[in-house]
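The values are calculated or read from the model by the stated rules, or taken from the named source; none is laboratory data. The structure presented is a predicted model; accordingly, all values stated were derived computationally and were not measured. Here the Cβ is made from the backbone with ideal geometry for all residues, glycine too, and neighbour counts use every protein chain on show.
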Amino acid sequence: MRKEGFVLKSDISNIVMILVRMVRKSPVISTITIIVPIISGLLTFYSYAVQVNIINGVARGVITLLPILWFVVIHGVQACSLSITNLMKNRMNAELTLAFQSELIDIANRVDFEDFDDEEFGNKLQRAKKVVGEDLEGITGFLVSSVGIISGLLSIIWLSATSGYLLVTFVVTIMIVTTLSIRLFTEIKVRRTGRELTFDGRMGDYLANTLEDPNAIREMRIYNSISYFTNLWAMIMKKQHNKRFSARKFEIKTGMVVAMVQTSAIFIVLVYLLSRMGESNTVTVGTISVLFLALLSSGGKIMSLTWPLSKLYISSSKLYDLNEVLTYKNRDFRKNDINNSTDSMLPITVSNVYFKYAKSNKNVLSNINMTIKPGEKIAIVGENGAGKSTLIKILLGQYRPSSGTICWKDHLEPHGKVSVVFQNAVKFELTLRENILLGDANTPSDDAKILRVLEQCELIDLLHELGGLDVNLGQLVVGSRQLSGGQWQKLAIARALYNDAELIVFDEPTSAIDPNAEMEIYTKLLEICQDKAAIFISHRLGWAKNVDTIYVMNNGGIAEVGNHQDLVHHKGIYSNMYALQSSWYK
Ligand SMILES: Nc1ncnc2c1ncn2[C@@H]1O[C@H](COP(=O)(O)OP(=O)(O)OP(=O)(O)O)[C@@H](O)[C@H]1O
């Protein structure tokens, strides 16, 4: 985890790394977007040079058109380059956002599941997505403005160098660098007390959001706790306001120092050049007056540079997460050919498997031995936390055993066609058709098959009610139709059945379905899965009578194996659980 506080070097390296990535992703547009403002800024020098020429001419009483023409042309070019930069910046932002977002999606899809269990990775991914979605545009904007203004300031140093005196160049350079550094330092200090970076800031945002959340308001009204929250929020806001106020006071004080440095430097340069006037061709009325005006305008330029630079610097801490997540791309991810190949995966043989989650210090699975044969119907039962879902993840190759082996037929890598109905069915806010098709998204839509699985899952009435397969489900789009928890779950089962898998896993697939329909669905599922292997996980045992093999899990191990009859006679954990559940219905 990155320490709070700011390490200038690493913050700058974050910006540089992102800059390199930007140029790699969109080489032409990024280069144009950055080079054009630099050239435009440096053209300011030529604008100064022609102004010197014009003023010297006026002083001599000679007015020539050419320098005036040049002056107009340079201004025209600078105005055009501003428009080009804006256009290119928009294009670059659109391209970069798409490219970075696609890269993040790709990484999230390829990382090993162990990474998902790592809270730090999850948080980093969230923050990286937020940077790309919300902050990247601002960051590129700050970058482009900064390079433009910096090259404008370089033009002033360049102009001072034309006076031919090293001292003048030196004083001007020092003035620009010191005033910029002081202003930047102050601006960063003020921003650091800002909302986005402090605990109080985040807490204030959280409390303000909670006070607007209808669910939270509902609960707070019941407990009469709104004033507790409002007071807490007001206290934090006041504390933040005070902090910001004292930072602003500091800013005003340093502002005065900056003004003194600036004025002294301009005074020194002016007096020095006036004392040298006429000594050489380079120190003329034109040079002195243009340099004087340029130095006066440098204050404004520095002020306008501190804003994007300080924003860029503060944002660079956000770029850290993006850079970190993007490095995952170069990792060697584990191979998993589940639903990528049609080779048979059965039997699956599990031998002496132990498993421990990265963040836990004890084995969640211990000494697991089992075989899943083609066509076999298996039930895995056991109390909460016994390890049932973890065992399924291991069987699907989502996690690798800490020790022991799993063979998918004769391969050590997972492969073959599998369907899974997870405990919490995913609610895809797409059409009814797409919700089914996603079970086998890489083959063309087969309406007859869709209707068959809808029928098998008792969703035909819903189809008739909706009036077609192309109605959107959920509540995202106007005209879409929300489903009940049980209907979503049935849809997840229909999706699983749409895939012609040789193994179907049902992990508590009916928790939201009413008991009458549940029994019917289980009976139907056993019927539908006749020619497939199926693994059922459920806390309810009534239906387990009909499977071939029941595995009873306890504390991560397999405590009992057998069919219903065997286990009831065995008078162990299963028989107790069964007796207990049967007693509910007596
Ligand atoms: N990602 C994880 N990281 C660390 N521990 C985990 C993780 N997921 C689950 N566990 C722990 O592993 C153990 C087994 O969890 P698992 O989800 O496999 O149990 P289960 O038998 O499916 O439970 P339930 O019936 O409640 O769904 C539990 O103690 C759980 O807290």
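Being more than 30 Å from Ile266 (Cα to Cα) and in contact with a Phe, Trp or Tyr (Cβ under 6 Å, 6 or more places away or on another chain) is the requirement here; does Ile380 meet it? Show your work before the answer.
Values: more than 30 Å from Ile266 (Cα to Cα): yes; in contact with a Phe, Trp or Tyr (Cβ under 6 Å, 6 or more places away or on another chain): yes.
Here the answer is yes, as Ile380 does meet what is asked.
Filtering the range 377-395 to residues that are more than 13 Å from the ligand (Cβ to nearest atom) and either surrounded by fewer than 19 Cβ atoms within 10 Å (Cβ to Cβ) or in a loop (DSSP other than H, G, I, E, B) (or both) leaves nothing.
Scanning the range 494-511 for residues that are of a type in the set (D, E, K, R), assigned to a loop (DSSP other than H, G, I, E, B) and more than 16 Å from the ligand (Cβ to nearest atom) returns Asp500, Glu502. For the range 74-89, the criterion of being among the polar types (S, T, N, Q), modelled with pLDDT of 90 or more, under 30 Å from Ser280 (Cα atoms) and under 36 Å from the mean Cα position of the chain (by Cα) is met by none of the residues. Could you list all residues from the range 534-573 that are of a type in the set (Phe, Trp, Tyr) and closer than 16 Å to Gly387 by Cα? Those that are of a type in the set (Phe, Trp, Tyr) and closer than 16 Å to Gly387 by Cα: Phe536, Tyr551. Within the range 512-540, the set of residues being surrounded by fewer than 20 Cβ atoms within 10 Å (Cβ to Cβ) and within 16 Å of the ligand (Cβ to nearest atom) comprises Ala512, His539, Arg540. Annotation note: of Tyr328, Tyr313, the sole residue that is in contact (Cβ under 8 Å) with a residue 60 or more places away in the chain, part of a helix (DSSP H, G or I), of a type in the set (Ser, Thr, Tyr) and more than 30 Å from Ile156 (Cα to Cα) is Tyr328.
Checked against the criterion of being of a type in the set (A, V, I, L, M), surrounded by fewer than 15 Cβ atoms within 10 Å (Cβ to Cβ) and closer than 19 Å to Gly164 by Cβ, the candidates Leu296, Leu274 yield just one match: Leu274.
Just for the range 541-559: of the residues that are more than 15 Å from the ligand (Cβ to nearest atom) and assigned to a helix (DSSP H, G or I), which one is surrounded by the fewest Cβ atoms within 10 Å (Cβ to Cβ)? Even if it seems obvious, please write down each step before you answer.
Going through the range 541-559, the residues more than 15 Å from the ligand (Cβ to nearest atom) turn out to be 542-543, 545-549.
Filter once more, keeping what is assigned to a helix (DSSP H, G or I): 542-543, 545-546.
Values: Gly542: 15, Trp543: 19, Lys545: 13, Asn546: 15.
Among those residues, the one meeting the criterion is Lys545.
Looking only at the range 347-365, count how many residues are in contact with a helix residue (DSSP H, G or I) (Cβ under 9 Å, 6 or more places away or on another chain) and more than 30 Å from Lys532 (Cα to Cα). Walk me through how you get there before you give the answer.
Just the residues of the range 347-365 that are in contact with a helix residue (DSSP H, G or I) (Cβ under 9 Å, 6 or more places away or on another chain), to begin with: 348, 350, 353, 355, 357-359, 364-365.
Right, trim to more than 30 Å from Lys532 (Cα to Cα) and you get 357-359.
The total comes to 3.
Of all residues being small (Gly, Ala, Ser) and more than 10 Å from the ligand (Cβ to nearest atom) in the range 345-369, which is nearest to the chain's Cα centre (by Cα)? Just the residue, please.
Step one: of the range 345-369, the residues small (Gly, Ala, Ser) are 351, 358, 360, 366.
Subsequent filtering for residues that are more than 10 Å from the ligand (Cβ to nearest atom) retains 351, 366.
Values: Ser351: 39, Ser366: 36 Å.
Restricting to residues being small (Gly, Ala, Ser) and more than 10 Å from the ligand (Cβ to nearest atom), the top hit is Ser366.
Looking only at residues of the range 417-442 that are within 16 Å of the ligand (Cβ to nearest atom) and in a strand (DSSP E or B), we find that the one that is farthest from Gly468 (Cα to Cα) is Val420.
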